[in-house]
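Single-structure report; data block below.
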Amino acid sequence: MNDSTVAKKQLVALKRKLDSAIESRSSLEDDFNLQSNLLIQFIGKLSQISKGIDIELDNRLAQLRTLFTKSAPISDIVEKISIISKLLQKHSLTNGKNIAHMHEQFNHAGESLQKINGLPDNLRRDLRALLTETKDSKDALIQYIPLLSKLLTFYDHALKSKNVTPTQGLLQQPIIATKIESSNKNDSIAFDVRILEKISASLSSLPLSIGHTNDLLAIKKKLLADQSSDEVLSHLIEIFDVIVADFRDEQSSAESFLTCLSATLTKVQSAVKETIASQKSSQLENDKINHKLQNQLTDMTGSVEKALSLNQVKEDIHEKLQCIASTLEQKSTFEQKNHQQLADKLNDMSAKVELLEKQSKVFEEKLADQQKKSMQDALTKLANRAAFDEFFAKAMVRFHHEPFELALVVIDIDDFKKINDTYGHTAGDKTLQVIANSIIKNVNKGVFVGRYGGEEFVLIYSKTNEEALTADLNLLNKYVTRLPFKFKSNKVSITLSIGATHIKSDDNIHTAFERADQAMYKAKKQGKNQVVYTK
């Protein structure tokens, strides 16, 4: 085989390899173009989905799409993708926070709806099922859309059930009163009784002075009796006037005390300055007398040394001793006078300070009384909602620091609204007072008892197990059932629905209260007048 033949064979082999390489390159280019097109389409869809979320992200995605279209260098593309990745990571964190916030708001709205009295049983059951379904957070905001739709539907049903006045049953009440009450003089829109009751409850918690509290109670009775718009507005103005008058009295009292305090402190300061100045002056005068005595003694010593005879010594000493005695008398008189002046000033300052302490003590007692009133329910004299929140929060802190048996109890008076509607709010107030006293009599001294609001009471037990707790609550329930309530010559049986639970290690204030509250609603659903304990 000659060289020419070998060369031809090599050329043919090289041509095949070249053709194969060209074909492979073409295939790679086709694949690259396909992948580029898919990536450009993906970026386009990503841009559509994220459009409007962030202008910077929109611009960066558009720039990346342009780079792929123009077949830009891979280094430019990598740099742009890195920037977009950071932006997407940032939005991922924001989205996570938004999901958490949506989850919290959704459950809060559902729990608030649950607490509304008078909801239909089927609606309450469906709402509980929905909240159970959303107990765990979702992965995306879009998953909350159908859930929000359901919750809005429940709110719509709740509003409708509240707005329709049934022909039977005194417990249900319309939320918005639209009835027009006609009179001989003019027509006025009736205020919703529920709103007036809330105003009345708020007024009961105001810590005013005794005189203004009596004025407020008188206006409160008129407010509940007169329900037309003009009368209610007039009474509300009267209420504001009483509150402002009490505020002015408190302000005047505080100003008077501070003025007296300032005047007394000024006098004490002036007396101290005078005493210091007097002491300095007295010290100077005393130094002069001492210097005079020193000179007289020195002079007497010199006379003795210079004397020529004993008679002359006697005469000089006698004369000089008289001078020294006179100076000593002057010194004694001066010191007595100075001591008396100092004692008088100290007694004067002591009297002023004592007066100041008395005034301060009176003011401190007044402040303590105001603070006590602010934490006390005016009607029942029990601890109010604010006091309960503070006490329960501290108890939870102690529990999580060192666990112990801590129990929460929610009590609701059955059919309380029926008493108000049938016998009047005075009867309702009397019922609340009797129930409050009954609870105090039937629980141990270490139990916290408070009025949560309306006809609800709350109890906090420490170091009491489930068996002892339920036994105490059942005794309380039986005691209240036997109470002889009588309104307008009619005997009425008052019962309680009680829910109780012990605090768990993973509880917070809200979850613990919600569990006790649900137990109370379960007691009502099961027929009322009973205790339900839940773990």
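Charging the Cβ of each Asp and Glu at -1 and of each Lys and Arg at +1, and nothing else, the dipole of segment 385-534 about its Cα centre rounds to 720 debye. Per-residue Cβ neighbour counts within 10 Å put His212, His101 in the sequence His101, His212, beginning with the fewest. For the residue pairs Lys150/Lys528; Lys394/Lys445; Lys381/Lys417, alpha carbon separations beyond 26 Å are given by Lys150/Lys528.
Neighbour counting of Cβ atoms within 10 Å sorts the residues Asp414, Asp136, Asp421, Asp377, fewest neighbours leading, into Asp136, Asp421, Asp414, Asp377. Peptides 496-502, 240-246, ordered by how many other C-beta atoms sit within 10 Å of their residues on average, highest first, read 496-502, 240-246. Placing a pseudo-label 7 Å from each Cα along the Cα-to-Cβ vector at Thr422 and Asn442 gives an inter-label distance of 2.0 nm. Residues Arg128, Arg16, arranged from fewest to most other Cβ atoms within 10 angstrom of their Cβ, appear as Arg16, Arg128.
FYI, it's all coordinate maths here, none of it is from the lab. Since the structure is predicted, the reported quantities are computational estimates derived from the model, not experimental observations. Glycine gets a Cβ as well: all are built from the backbone with ideal geometry, and neighbour counts include every protein chain shown.
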